[in-house]
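A.B. asks: Below is the structure I would like to discuss, written out as structure tokens.
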Amino acid sequence: MRHHSVAIKRSKILGIAIIIVLASIIVIAYAGNLLTTQPSNTIDFSVTLTNGTRVRIGEFKGNPVILVFFTTWCHQCREEVPELFKVYNSSTEKVTIIMVSVGLGGDSLSQIESFKTEFKIPWIIGLDEDKYYTQLGVDSVPYVFVLDSEGEPIHSNSGKVAGEELLNILYGIL
């Protein structure tokens, strides 16, 4: 009888040990999965350029990016262009500037092309046809993001931003 009771205790202990080992494996596997699949904060979406081709923001990793959401008819957005020229003229090889119309108020690719021509804009400009800006919480224009060389946002601003302020932010990461 005593031998039988010892065997039962060993079976229970062995069963508990197996459960603990399996639970540990599950916890470790789950934790490892969390570490490898955590969502990144990088900003990456497609923009339709005025010639109809599409580019992904993620294609510009390697250099910081100034990403400006705008509309062609917005007064502050129009005032932002000379500020962006200050950055462009100071750091054309180190920084990518991308202006993306959110398409509100009827902005079309032809209107964006006219805007580009009017201001003689040399940088990338296009339309967010997929309305990705809503996922970023952009609720007004202009809305400016500064992305580091990995595409991570390091600064965001609702409203016009002075070129000097953008340059100061960029000097901190260049």
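The values are calculated or read from the model by the stated rules, or taken from the named source; none is laboratory data. Bear in mind that the values here come from a model prediction, so they are computed numbers and not experimental data. Here Cβ is always computed from backbone atoms with ideal geometry, including for glycine, and neighbour counts include all displayed protein chains.
A.B. asks: Give the range 147-158 a look and list any residue that's within 14 Å of residue 44 (Cα to Cα) and in a strand (DSSP E or B), or say none.
C.D. replies: The answer is 147, 153.
A.B. asks: In addition: Report, ordered by the first and then the second residue, all pairs with beta carbons closer than 7 Å, sequence separation of six or more or different chains, a first member in the range 54-70 that is without any contact (Cβ under 8 Å) to a residue 60 or more places away in the chain, and a second member that is among the charged types (D, E, K, R).
C.D. replies: Once the first residue is without any contact (Cβ under 8 Å) to a residue 60 or more places away in the chain and sits in the range 54-70, its partners that are among the charged types (D, E, K, R) give 56/44.
A.B. asks: A further question follows. Taking the condition within 18 Å of residue 41 (Cα to Cα), buried (at least 18 other Cβ atoms within 10 Å of the Cβ) and assigned by TED's automatic domain parsing to the domain that holds residue 71, does residue 102 pass?
C.D. replies: no
A.B. asks: Failed condition for residue 132, given (1) buried (at least 19 other Cβ atoms within 10 Å of the Cβ); (2) closer than 17 Å to residue 45 by Cβ, with all others met?
C.D. replies: (1)
A.B. asks: Moving to a separate point now. Looking at 144, 138, 161, 100, which one is assigned to a strand (DSSP E or B) and in contact (Cβ under 8 Å) with a residue 60 or more places away in the chain?
C.D. replies: Answer to the check: 144.
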